[in-house]
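First the structure, in the form of structure tokens, and then the observations on it.
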Ligand SMILES: CC(C)(COP(=O)(O)OP(=O)(O)OC[C@H]1O[C@@H](n2cnc3c(N)ncnc32)[C@H](O)[C@@H]1OP(=O)(O)O)[C@@H](O)C(=O)NCCC(=O)NCCS
């Protein structure tokens, strides 16, 4: 089998439709999705047995906030293989080839949403963000005065809205700094279980001060519709209240909202009653593609200097001794002889630490980083992690 870029996206349609059990009525949308992905510069990779596409995936080149910097992140999606080639190593080759390509393109990290964590863990991905899914009825929203804030429902965000979101994203959690293409992917295609995907722009004296996107979804089991809101960003508290007030105004049409937010998002001040449901949703996994590309990353954690020995079964360029130093909020990385290392750590575990989900000290406690010598509790602190980009 060989790994290469897929030159004709149509080859992916059958493999992915069967692997993900796409319904027949969604086939046109699936074709539209692949067409759009290629048009938007997304990368399609595959492994081939002769002329036959055995396995494939899509890579979204995103600008994502990681710690206090924006980095290029390869978002891997639609990983799938032919049913008659399962267990034959097509996906293993696909992932190592994709990692090598992302390294050649200069991507420091990659993120994916796992169907099963252990499957990707052995290829170096480890836990990253998590979400809070809050379900409530619009009629349970408290009464707020929207003041001078206007709402406009739109099929696609205008330039001012895109700029507003980019500015917000560049200083919040792990948001993707969405460009036009990212927004287009976000808002289409509309699957048969969905009625629409749209955005609502909030302005104050014609300045954009808030933005939300939503999809109207059919709950086939219940036979009812609900609104899912994934993007919900506001400049200040007043705008946030106006946005909730807007959702409340939909209460005669919509009886259920699913709002996805970061773990520390507090809904209680906006509702008269408890929400119907609050769920913790484990989200994505992160992997460092090329550790040296993270040199210079801004990282808000106390100064520290620690010598690491990195293990990486797929990416030999990451393997070996590295001096990791955080000084005045900047990460500095230098190659060192591995005999100097204080801790030995696998690429997945260090990815989770740099990603912010877990601290280095905790990784030592969990034995996900092994002490080699002279470790005195040096730490890299964790932070709030939330990516909010369901690719
Ligand atoms: C998950 C999926 C992509 C795996 O594809 P595959 O062709 O079996 O992958 P590979 O043959 O390269 O095997 C990859 C690894 O999984 C293991 N594996 C494959 N099938 C397995 C099975 N049935 N039980 C246990 N392990 C299995 C292999 O041993 C291999 O591990 P290794 O690298 O340690 O040897 C494929 O089953 C699929 O397309 N599923 C449906 C779509 C899907 O869920 N995609 C994931 C989206 S996040």
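Results, tabulated for the structure shown:
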item	result
Inter-label distance for residue 49 and residue 334, nm, one decimal - labels placed 7 Å from Cα along Cα-to-Cβ	5.0 nm
Footprinting exposure proxy for 287, 184 (fewest neighbouring C-beta atoms within 10 Å first)	184, 287
Using alpha-carbon coordinates, inclination of helix 27-39 to the longest axis of the chain, degrees	60 degrees
Full-stretch length increase - residue 273, residue 206 - with 0.36 nm per residue and alpha-carbon distance subtracted	20.8 nm
The range 292-371: C-alpha pair distances exceeding 21 Å, %	19 percent
Stokes-Einstein D for the chain, Kirkwood Rh over Cα pairs, 25 °C, 0.890 mPa s (µm²/s)	109 µm²/s
Kirkwood Rh and Cα Rg combined as Rg/Rh, the range 51-184	1.08
Crossing angle, helix 237-248 versus the chain [Cα axis fit, 0-90 degrees, rounded to tens]	60 degrees
The range 132-282: proportion of alpha-carbon pairs further apart than 28 angstrom, %	15 percent
Rounded if a/c under 1.5, otherwise prolate or oblate - the range 2-107, Cα gyration tensor axes	oblate
Footprinting exposure proxy for 317, 191 (fewest neighbouring C-beta atoms within 10 Å first)	317, 191
Relative exposure of 383, 265, judged by other C-beta atoms within 10 Å (fewest first)	265, 383
Model label zone, residue 92; criterion: amide N under 17 Å from point 7 Å along Cα-to-beta-carbon; scope the range 110-131	118-125
The range 132-282, relative contact order in percent, only Cα pairs under 8 angstrom and at least six apart counted	38 percent
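Where a number appears in this text, it was derived from the coordinates with a stated rule and is not lab data. Computed from a predicted structure; not experimentally measured. Glycine gets a Cβ as well: all are built from the backbone with ideal geometry, and neighbour counts include every protein chain shown.
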